[in-house]
């Protein structure tokens, strides 16, 4: 499938404001993105896995401009929650920003992950969406993307783990029994 890349760019800002949360995912304060990451503060993120009718999953390869896992394969769409934003709203927003999908409702929630080192200290909701594309990839976020059979992803994650973001490897492993 051919994937179109959007022409406009949005630079990541170290001063983006995130909610900082406690061990029960309750907001305790807000802090700048750079500080949240540097201090390994608990915060929130979403990942969306987009499957087509044939059961293939669309994966993105992260832009080289990303501050975490540049150039590595990742979920179809992923991102942090902005301060004051809920998970569902973030999933809809990120799908629009990263791959150009305009949804009126959030996709299906699939799996909730506790914050840990593997998630980058993020509480994560993983969403599942069926969509055939086409997608418009945001070049500041995504280098390219492609459709893969889940078995291909299983093998690639085992044999070429370094080509995938750590969070994706963790999420994909947790989903094996759910697919």
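Since every read-out is calculated from the coordinates, none of them should be taken as a lab result. Model, not experiment: these values are computed from the prediction. Note: ideal-geometry Cβ built from the backbone for every residue, glycine included; neighbour counts use all protein chains shown.
Some points to look at:
- The stretch 71-83 residues that are on the phi < 0 side of the Ramachandran plot and in contact (Cβ under 8 Å) with a residue 60 or more places away in the chain, paired with ones that are surrounded by 20 or more Cβ atoms within 10 Å (Cβ to Cβ) and in a loop (DSSP other than H, G, I, E, B) (beta carbon under 9 Å, 6 or more apart): 72/165; 73/165; 74/165; 75/165; 76/135; 78/165
- For the stretch 95-104, the criterion of being surrounded by fewer than 20 Cβ atoms within 10 Å (Cβ to Cβ), more than 14 Å from residue 62 (Cα to Cα), without any contact (Cβ under 8 Å) to a residue 40 or more places away in the chain and under 13 Å from the mean Cα position of the chain (by Cα) is met by at least one residue.
- Residue 115 vs. criteria touching a residue at least 60 places away in the same chain (Cβ under 8 Å), within 28 Å of residue 30 (Cα to Cα), in a loop (DSSP other than H, G, I, E, B) and touching a strand residue (DSSP E or B) at 6+ places or on another chain (Cβ under 9 Å): yes
- Reported count of residues in the stretch 17-29, each being out of contact with any helix residue (DSSP H, G or I) (no Cβ under 9 Å at 6 or more places or on another chain), without any contact (Cβ under 8 Å) to a residue 60 or more places away in the chain and either surrounded by 14 or more Cβ atoms within 10 Å (Cβ to Cβ) or assigned to a strand (DSSP E or B) (or both), is 3.
- Number of positions in the stretch 44-88 that are outside any strand (DSSP E or B) and either within 18 Å of residue 138 (Cβ to Cβ) or within 14 Å of the chain's Cα centre (by Cα) (or both): 16
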